[in-house]
Amino acid sequence: MHPVLYNILVLFAYGVAGSIMMAVALGILIKVWDWITPVDEWEELKKGNIAVAIVTAAVILSLAIVIAAAILPGS
């Protein structure tokens, strides 16, 4: 197999694996965060509570940054 094609396939495999791991980890962490907080965030979001939306977005982004740093090769 040509080295460039091999590198492209490895890159694609890392992308797929990273996306799956990120989705699973974020799903689990969001459920845990929702469980440990006294507020029902999803109900508040449905009501249009902007403050809860900002906090939820900040939590999701911070968790995504930590997970991405953990699963990226060579980091």
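Please report the net charge: other residues with Cβ closer than 13 Å to the Cβ of Leu63, K and R +1, D and E -1.
0
Rounded to the nearest 20 Debye, what is the dipole magnitude of the chain about its Cα centre when Lys and Arg each give +1 and Asp and Glu each give -1 at the C-beta?
So the dipole magnitude of the chain works out to roughly 200 debye.
Ignoring everything except DSSP H segments at least 4 long, calculate the 222 nm mean residue ellipticity for the chain; use -39,500 (n - 2.57) per segment, divide by total residues, nearest 500.
Computed mean residue ellipticity for the chain: -29000 deg cm²/dmol.
Mean projection of the alpha-carbon convex hull of the chain over all orientations, in nm²?
Projected over every direction and averaged, the Cα hull of the chain covers 6.3 nm².
Each label point is 7 Å from the Cα along the Cα-to-Cβ direction; what then is the distance between the points at Ile50 and Val32, in nm?
The answer from the label model is 3.2 nm.
Any read-out appearing in this document is the output of simple, stated calculations on the displayed coordinates, not a laboratory observation. It should be emphasised that the depicted structure is a prediction, and the values quoted were computed from it without experimental measurement. Virtual Cβ from ideal backbone geometry, glycine too; neighbours counted across all protein chains shown.
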